[in-house]
Amino acid sequence: MNMRLEALRALMREREVPALLVSAVANRRYISGFSGSAGNLLISDEAALLFTDGRYTVQPGARRTTFSLRTVSSERPLLTLIVEAVSELGLDIIGFEAAHTTVAAHTALVDALVKQGDTVPELRPVEGLVEQLREVKDAAELTTLRRAIAITDAAITAVIPELRPEHSELQAAWMLEVALRERGAEAISFPIIVAAGRNAALPHAQPGTTLLGSGQPIIIDMGGRVAGYHADLTRTIVLGEPDATFREIYGTVLAAQQRAIAGLRAGLRTSDADALAREPIEAAGYGKAFSHSLGHGVGLYIHEGPALRKPMPGQEDKAPLLRAGVVTSVEPGIYLADWGGVRIEDLVLITDEGCEVLSAAPKLSI
Ligand code: ZN
Ligand code: ZN
């Protein structure tokens, strides 16, 4: 039995969506196990169809899936197959993933359904159905995530002692990328960030020719991908002796992160989770310098739900609750334009009692 498919069907019944077209790549992979780059799912209570082309019908992932395969070809394009299936199943309402469907694709589908004649089914936009399921990781996903995280930890731990002040950010990023691949990552989760000195004041700096230098903050943000699942880790280091500013900022960020990790648990509002780290940073006078949210879910996407962030004004009691099984980053940071920045990021697994820190790369002790 495909437990994820059954969970999705339960959620569809709850939301009164009798059939769902799944077009987002990660959602399709999550529900069907099919990892090819092209394909769509049509799911109802009775049916689970995978539409893909001939390149993929021989792929192991396609053969393994519990979905019935319908092969798209130039003679029988995707829309024809969808319209056929819709009439075969007698569907009168079809949900589609509004966040992942272009206006052009929607228009083409409406046209094809109208052309087919009879009664035209209603296309109903839905949001976040599969995404909601994906937030809570099952055992197989956790095993894969742990592997991606362990590779990332091992790579940064091996490379940091090799870094020299005369290396550029780009050279350091390449050393880290090689180390990830050598340890079994299938890809990098995102372009590695190495930001030295004032560049570290930009949370999403791109590595360039700036040298790592001595005595200044260096932010390294990286992750390796395994079987589609991402890792996300940030360490801030200094080559040589850190200055007094670094000690103060680093100590503040580390204490904020530790406070958040100590307080995270299932049932906590995501906005209250953010506050755990934001309060001590504000109290230290750096509130404005913590310019992003505390964390984000990680899985088939590097950034997915839930978002651990400040509530919108007037929405203080409306943020969702953390659920057991969520894997989220915990990444407070302080960024000072004329100096640099510090960010420390670990991935944690939310449990009923608290959270388990999954990342194990050592942190600077100052
Ligand atoms: Zn990161
Ligand atoms: Zn992150």
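Against the conditions (1) of a type in the set (A, V, I, L, M); (2) buried (at least 17 other Cβ atoms within 10 Å of the Cβ); (3) touching a helix residue (DSSP H, G or I) at 6+ places or on another chain (Cβ under 7 Å), A227 satisfies every one except (2).
Do we find that R265 is touching a Gly at 6+ places or on another chain (Cβ under 8 Å), more than 22 Å from R198 (Cα to Cα) and open to solvent by 40 Å² or more (accessible area, probe 1.4 Å) in this structure? Here the answer is yes, as R265 does meet what is asked. For residues in region 292-316 being more than 9 Å from the chain's Cα centre (by Cα) and either exposed (fewer than 14 other Cβ atoms within 10 Å of the Cβ) or free of Cβ contacts under 8 Å to residues at least 24 places away in the same chain (or both), which is farthest from ligand 2 (Cβ to nearest atom)? Per the criteria, the residue is G314. Looking across E169, E248, E177, one residue alone is surrounded by fewer than 22 Cβ atoms within 10 Å (Cβ to Cβ), charged (D, E, K, R) and more than 21 Å from S329 (Cβ to Cβ). It is E248. Scanning region 352-366 for residues that are more than 15 Å from ligand 2 (Cβ to nearest atom) and among the polar types (S, T, N, Q) gives a single hit, S365. Just to be sure I understand, how many residues within region 115-139 are touching a residue at least 12 places away in the same chain (Cβ under 8 Å), more than 26 Å from the chain's Cα centre (by Cα) and part of a loop (DSSP other than H, G, I, E, B)? Total satisfying the criteria: 3.
For region 217-241, the candidate set comprises residues that are within 14 Å of E186 (Cα to Cα) and among the small types (G, A, S); within that set, the residue that is nearest to ligand 2 (Cβ to nearest atom) is G223. Going by the conditions given, is L142 in a helix (DSSP H, G or I), at pLDDT 90 or above and either under 24 Å from L11 (Cβ atoms) or open to solvent by less than 20 Å² (accessible area, probe 1.4 Å) (or both)? Considered against the rule, which asks whether it is in a helix (DSSP H, G or I), at pLDDT 90 or above and either under 24 Å from L11 (Cβ atoms) or open to solvent by less than 20 Å² (accessible area, probe 1.4 Å) (or both), L142 comes out as yes. Of all residues in region 319-351, those satisfying the criterion of being open to solvent by 10 Å² or more (accessible area, probe 1.4 Å) and within 16 Å of ligand 2 (Cβ to nearest atom) are E331, Y335, L349.
Looking for something within 16 Å of ligand 1 (Cβ to nearest atom) and either open to solvent by 20 Å² or more (accessible area, probe 1.4 Å) or without any contact (Cβ under 8 Å) to a residue 12 or more places away in the chain (or both) - is there at least one such residue anywhere in region 281-291?
Scanning region 281-291, I find at least one residue that is within 16 Å of ligand 1 (Cβ to nearest atom) and either open to solvent by 20 Å² or more (accessible area, probe 1.4 Å) or without any contact (Cβ under 8 Å) to a residue 12 or more places away in the chain (or both), so the answer is yes.
If the condition is being in contact with a strand residue (DSSP E or B) (Cβ under 8 Å, 6 or more places away or on another chain), part of a helix (DSSP H, G or I) and closer than 19 Å to G215 by Cβ, then region 155-175 contributes I160, E169, A172.
If the condition is being of a type outside the set (D, E, K, R), within 22 Å of the chain's Cα centre (by Cα) and within 16 Å of ligand 1 (Cβ to nearest atom), then region 318-341 contributes V327, T328, S329, V330, P332, G333.
Residue check: L212 meets all listed conditions (1) closer than 23 Å to I334 by Cα; (2) open to solvent by 20 Å² or more (accessible area, probe 1.4 Å) but one, namely (2). I'm trying to understand the selection: among the residues of region 200-244, which are farther than 29 Å from E135 by Cβ and either outside any loop (DSSP other than H, G, I, E, B) or within 13 Å of ligand 1 (Cβ to nearest atom) (or both)? The answer is A200, A201, L211, I218, I237, A244.
The values are calculated or read from the model by the stated rules, or taken from the named source; none is laboratory data. Source: prediction; values computed, not measured. Counting neighbours? That spans all protein chains shown, and the Cβs are built from the backbone with ideal geometry, glycine included. What goes into the accessible areas is simple: the full protein's heavy atoms, side chains included, and nothing from ligands, DNA or RNA. Shrake-Rupley method; radii C 1.70, N 1.55, O 1.52, S 1.80 Å.
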